[in-house]
């Protein structure tokens, strides 16, 4: 993936979670999965975001998901983009690899998030997996760095705080690259 999409910036983070949130992460570890692929799908000067059913009003984030056992990395990333957004996308740049340690009362889950930029190549912006995703839409950089970020940080959720912090890093990188413009 690095040969094709470039070497990502690497970061390390640690987050203490509530028992409830830690349980959610634990349950997402089907087949020993300890990763996600997060996609910043850039459409003109907006970014495609998703909303899960349990998110508070105004909370959105970049789509993400796991690669299934035996599935190629790129194929899995493209599948997740389609399931969560309805869009067919092309990966562009491997932006960030985040090594994260989630802890709860002495329990530990080591997790890796692989973040790519992508561009839409077709489809209709509407989630396919409507059990997991209730809305997909475009958000401006101003929304992502303003009202959406504020909701994610004020929700009291470690997972949403993590997503807001990833968004900060990736959006700054995309702006520096000239991939999107902050107005």
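Out of all the residues in the range 37-53, which are in contact with a helix residue (DSSP H, G or I) (Cβ under 9 Å, 6 or more places away or on another chain) and surrounded by fewer than 18 Cβ atoms within 10 Å (Cβ to Cβ)? Give the steps one after another, and end with the answer.
Looking only at the range 37-53, we keep the residues that are in contact with a helix residue (DSSP H, G or I) (Cβ under 9 Å, 6 or more places away or on another chain), and these are 37-42, 45-50.
45, 46, listed by residue number.
What residue, among those in the range 55-70 that are at pLDDT 95 or above and assigned to a loop (DSSP other than H, G, I, E, B), is surrounded by the fewest Cβ atoms within 10 Å (Cβ to Cβ)?
Only one residue tops the list, namely 57.
Looking at residue 79, is it surrounded by 14 or more Cβ atoms within 10 Å (Cβ to Cβ), part of a strand (DSSP E or B) and in contact with a strand residue (DSSP E or B) (Cβ under 9 Å, 6 or more places away or on another chain)? Show your work before the answer.
Numbers: surrounded by 14 or more Cβ atoms within 10 Å (Cβ to Cβ): yes; part of a strand (DSSP E or B): no; in contact with a strand residue (DSSP E or B) (Cβ under 9 Å, 6 or more places away or on another chain): yes.
So residue 79 fails the test.
The values are calculated or read from the model by the stated rules, or taken from the named source; none is laboratory data. Predicted model only: the values in this text are computed from it and were never measured. Don't worry about glycine lacking a Cβ; one is built from the backbone with ideal geometry, like all the others, and counts go over all protein chains shown.
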